[in-house]
Amino acid sequence: MKLKKILQGVLASYMISSSVFCVFAPSNTFPPYDPNVRLPKCPNMRIHLGATAEYGQSNSARDYTGDKHNVLNIYDKYQDAATMFKNPSDSIKEAVALEYNNMYAAFGGQLITAPISFEGEYRELDLTLFGKYTLKNFIDGDLDLSVHLPVRWRKIENIQFKDLSKTVLPMVPYYYQQNYTKNFDVFNAKMKELGNIDFSECDKSGIGDLVVMLEWLRSFKQNKEALKNVDLFLRIGLSCPTAETKDLDKVFSMSLGNDGAWGMPIGFGLGLDFSNKIRAGGDVEFFILFDETKERRLKTDPDQTEFLLLNKGRATLDSGLTWKFNIFLQAYRFYKGLSLKLDYEYIKHDDDTLYEKTDTFDRTIINTANSLKEWNTHNLIFQVNFDFFMWQSVLTRPQLSLFYKYPITGKNIINMDTFGGQLGFNF
């Protein structure tokens, strides 16, 4: 998109001199700096330290049409063990030629499809440590410099292997059963032999991508009966690829960040303070992921499924823009330090595009992968906050919150019910 290219050009020199939402599939958990879980600002305090925790689990996900399937069937309803042999690249052509002939002969010269399926469960726990310093009276407002470091645990477990060939084939070849679908261990060993592909469970933890954020806030007092104040927010940040990237040879491996790509969130928001301690507002943000070139597993035939890709090649991922829209209604400190808040959140990520770096692969074919298609999510967020701003005589003024996220619908995403909370200290 033109907007993305312009911003990439402006920042190109910085990014070269320095050289938010991805697992094996995207999930609807919060990015580290998300304004939806931001604690109310403490007046007359410059330093804000704290942590945010969020947990979710699911055995289902939404595919690219919005239909619900098991989380391991998010991109394809089944995996095809026949089409993976089509048009092998030069690097593996000799290795798979014999096996292809064996399979072709076993299926009587009509190797059309050999479907198998996986089912499993996904779990995620995020703990984000954050710190913020406020510079007062900066261009008639406050300038916040914040740092957010997520620590993450992500797991795919309880994997079940199913042979679906009996549902489409009148007679399943003996060779196929003995070498592929006899049981999970036999299948996994065969995939390691053919393409060094491992289907084992994934259990990964570590730090995510560090985010540094600048945000400017200015308040405009209003002398009206209902409207008392208008807050304007502007922010820009940098997401640094400090997280471990995806293991190319493990199907269910997950990056703990944006898989090695630099990112840039840019946003603005508006807050309205009304009488009777009612607040409302909205927020708009777009997140840019900069192009990343590395070795990837690529399709050599449009009919191939995404977990059974034997071929590797270097390719550049041109990530689509991620758009986020948020509106909220809040009863702000209506009883001492107690606040209640309701948010509606919509996130949309545009289609990704791969650009091959060798002549072995066809750009049209590699971009038929369903994982490259648009994803989106709609969520409702319920939040309760309590602060101790009334403590005037102590060094710090703590805050805490609890939240629950209810996923309404989505596409191409692991849409989970999640819950969590925040603890903050103001100095």
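Read-outs throughout are calculated quantities, based only on the coordinates presented, and are distinct from any laboratory measurement. In this text, all values refer to a predicted model and were calculated from it rather than measured experimentally. Backbone-built Cβ (ideal geometry, glycine too); neighbour counts: all protein chains shown.
Which of the pairs 190/348; 221/336; 68/166 have their Cα atoms more than 27 Å apart in this structure? The partial results should precede the final answer.
Values: 190/348 38 Å; 221/336 23 Å; 68/166 24 Å.
Check vs 27 Å cut-off fails for 190/348.
Please express the shape of the stretch 255-381 as an equivalent ellipsoid: the semi-axes are the square roots of 5 times the eigenvalues of the C-alpha gyration tensor, given largest first in whole angstrom. Write out the running numbers ahead of the final one.
Values: eigenvalues 369, 37, 26 Å².
Working through the eigenvalues yields semi-axes of 43, 14, 11 Å.
Can you tally the net charge around residue 42? Count Lys and Arg as +1, Asp and Glu as -1, for every other residue whose Cβ sits under 11 Å from the Cβ of residue 42. Walk me through the numbers on the way to the answer.
On the way: positive: 41, 46, 132, 397; negative: 387.
Net of charged neighbours comes to +3.
Could you go through the stretch 189-200 in sequence order and give the Karplus-derived ³J(HN,Hα) for each residue, using 6.51 cos²θ - 1.76 cosθ + 1.60 with θ = phi - 60°, rounded to whole Hz, and x for Gly and Pro?
Result, rounded to whole Hz: 5, 5, 5, 5, 5, 7, x, 6, 9, 10, 9, 5.
What relative contact order, as a whole-number percentage, does the stretch 336-422 give when Cα pairs under 8 Å and 6 or more residues apart are counted? If you can, show how the numbers build up before the last one.
Numbers: 157 pairs, mean separation 26.5, N = 87.
Rounded, it is 31 percent for the stretch 336-422.
Need the list of lysines near residue 246 for cross-linking: C-alpha distance under 17 angstrom, and skip anything on the same chain fewer than eight residues off.
Result set, ordered by chain and number: 155, 204, 294, 312.
Excluding residues fewer than 8 places away in the same chain, name every one of the aspartates and glutamates whose C-alpha is closer than 16 Å to that of residue 162.
76, 80, 119, 121, 185, 201
Just going by the charge dipole of the chain, with Lys and Arg at +1 and Asp and Glu at -1 on Cβ, which of 35, 184, 255 is farthest out on the positive end?
About the Cα centre, the residue reaching furthest to the positive side is 35.
So what's the convex hull volume per residue for the Cα atoms of the stretch 278-320, in Å³? Don't jump to the answer; show the numbers that get you there.
Values: hull volume 6.0 nm³, N = 43.
Per-residue hull volume (Cα only) is 140 Å³.
Sorted from largest down, give the three principal axis spans of the alpha carbons of the chain, whole angstrom values.
Projected onto the principal axes, the Cα atoms of the chain cover 83, 43, 36 Å.
Residue 390: net charge of surrounding residues, Cβ under 12 Å, Lys/Arg +1, Asp/Glu -1, itself excluded? Show your work: numbers first, answer last.
On the way: positive: 333, 336, 397; negative: 387.
Net local charge, residue 390 excluded: +2.
Could you tell me what % of all Cα pairs in the stretch 354-424 have separations over 14 Å? Before the final figure, lay out each step's value.
Working: 1819 of 2485 pairs.
It works out to 73 percent of all Cα pairs.
Dipole size in debye (nearest 20) for the stretch 65-196 around its Cα centre, Lys and Arg Cβ +1, Asp and Glu Cβ -1?
Values: 15 positive and 17 negative charges, 54 e Å.
The dipole magnitude comes to about 260 debye.
For a quick check of your reading of the filter: which trypsin sites (Lys or Arg not before Pro) in the stretch 304-353 sit in a DSSP loop and have no more than 13 other Cβ atoms within 10 Å? Kindly include the intermediate steps, with their values, before the conclusion.
Working: sites: 312, 314, 324, 333, 336, 341, 348; in loops: 336.
Those satisfying the criteria are 336.
From the phi angles alone, apply the Karplus equation (6.51, -1.76, 1.60; θ = phi - 60°) to the stretch 114-123 and give each ³J(HN,Hα) in whole Hz, x where the residue is Gly or Pro.
Result, rounded to whole Hz: 9, x, 9, 9, 10, 9, x, 9, 10, 10.
Tell me the net charge near residue 276. Cut-off is 15 Å between Cβ atoms, residue 276 excluded, with +1 for each Lys or Arg and -1 for each Asp or Glu. List each step's numbers first, then the result.
Numbers: positive: 224, 228, 277, 279, 333; negative: 225, 273.
Combined, the nearby Lys, Arg, Asp and Glu give +3.
Can you pull the three principal axis extents for the Cα set of the stretch 352-394, in Å, largest first?
The Cα atoms of the stretch 352-394 stretch 70, 25, 8 Å along the principal axes, largest first.
Using only C-alpha atoms and all pairs of different ones, pull out the Kirkwood radius for the stretch 294-362 in Å with one decimal.
Numbers: mean 1/r = 0.0621 Å⁻¹.
That comes to 16.1 Å for the stretch 294-362.
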